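Beneath this line is the structure, given in structure tokens, with notes to follow.
The values are calculated or read from the model by the stated rules, or taken from the named source; none is laboratory data. The shown structure was predicted, so the numbers you read here are calculated from the model rather than taken from an experiment. Glycine also receives a Cβ, built like all others from the backbone with ideal geometry; neighbour counts cover every protein chain displayed.
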Amino acid sequence: MVDTAAAVEVDSPEVHVTLHIGFLMMPEYTLSTFSNAVSVLRMANRLSGRELYRYSVFSLDGEPVVSSAGLELRLDGSFSSVGDMNVLIVCGGYNVKNYCSKEINDILRSMAKKNIPLGGICTGSYVLAAAGLLDGYRSTIHWENIASMREQFPKLNISSSLFVIDRDRYTCSGGISSIDLMLNLVASIHGHQLVQQISEQFTCDRVRTEKDPQRAPLQYLIGASQPRLVDAVVLMEANIEEPLSLDEVADYVGISRRQLERLFNRYLHCAPSRYYLELRLSRARLLLLQTSIPVIDVAISCGFSTAPHFSKCYSDLYGKPPSNERRALA
């Protein structure tokens, strides 16, 4: 757990004040991530018998915004009508970069100047980064967006953790990770006993920490009996731009190339070369869909030395060349 009490001006779990948390809803926000976060606050109030948290839901102009699920929430108004907040959390979702604007940047920067803690759930981290408010902070975002986020903001310290609490910046990766983020915040302010009670209500077997990864490690899927296979996949994932040869991978994990091929075929049902290629192409697809990086630069960043070779491999896997992927998105 991380101590965030100072950030929200609560010095002790014995101090009973109501904290006002505002949620800024971006168009196409992820409804489940938002509702999970609010549910923790609601349950904290219910179990404590006090209004520990008050929350407001608003959009930039007060007009309804549609979630990625096609549903609308009843909003409390526009940003200017919400009033003072102790914490402001940006709720992101699909195509978040299309909705960043100078007006949003100005609002977030004005909150930062007032020393209001800022958070981003799902792709809300991107909005904070675009406003320059994650500079010098650790942060995270959904795993699908990590590669493009690092490309666009190369100086930021972007983690693949489930969530990150760094001083007065709170970010999480989306999905049910907003539960973990909010539980850790509640624990830092109102204690672990309340968090245990909330977890029991949600039938959570444990409160995950920042050290928990977003994606299930391979060893969870195949068991712990094949550590060399897990090590080989980790090596591949860490060497996308400059791929290793299969002989190098085998040498690093301490087995022969033939043994490496047998492990991949038995447990992952494909050749290691194919697995590695699809890893690189998957990374390339995320960059094509989430950034405006030129196709040739995407190819190079994913370990392809020529555009024709990249285009052929991409077409073989996804049924269309990279340029068509971009046009279809537009």
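Observations
- Residues located in the stretch 69-87, provided they are within 27 Å of the chain's Cα centre (by Cα), under 23 Å from L52 (Cα atoms) and among the polar types (S, T, N, Q): N86
For every residue, the table says whether it meets (1) surrounded by 15 or more Cβ atoms within 10 Å (Cβ to Cβ); (2) under 24 Å from I189 (Cβ atoms).
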site: L47; (1), (2): yes, yes
site: L52; (1), (2): yes, yes
site: P64; (1), (2): no, no
site: G70; (1), (2): no, no
site: Y94; (1), (2): yes, no
site: A112; (1), (2): yes, yes
site: L118; (1), (2): yes, yes
site: T123; (1), (2): yes, no
site: A130; (1), (2): yes, no
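- Number of positions in the stretch 250-275 that are in contact with an Asp or Glu (Cβ under 9 Å, 6 or more places away or on another chain) and β-branched (V, I, T): 1
- V207 vs. criteria aliphatic (A, V, I, L, M) and assigned by TED's automatic domain parsing to the domain that holds C270: no
- Among the residues here, L60 does not qualify as over 18 Å from L118 (Cα atoms) and in contact (Cβ under 8 Å) with a residue 12 or more places away in the chain.
- Lone qualifier among L183, L194, L229 - being touching a residue at least 24 places away in the same chain (Cβ under 8 Å), assigned by TED's automatic domain parsing to the domain that holds E241 and not in a loop (DSSP other than H, G, I, E, B): L229
Quick grid of which residues meet (1) closer than 19 Å to G22 by Cα; (2) hydroxyl-bearing (S, T, Y):
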site	(1), (2)
T140	no, yes
S148	no, yes
P154	no, no
D168	yes, no
G174	yes, no
M182	yes, no
I198	no, no
T203	no, yes
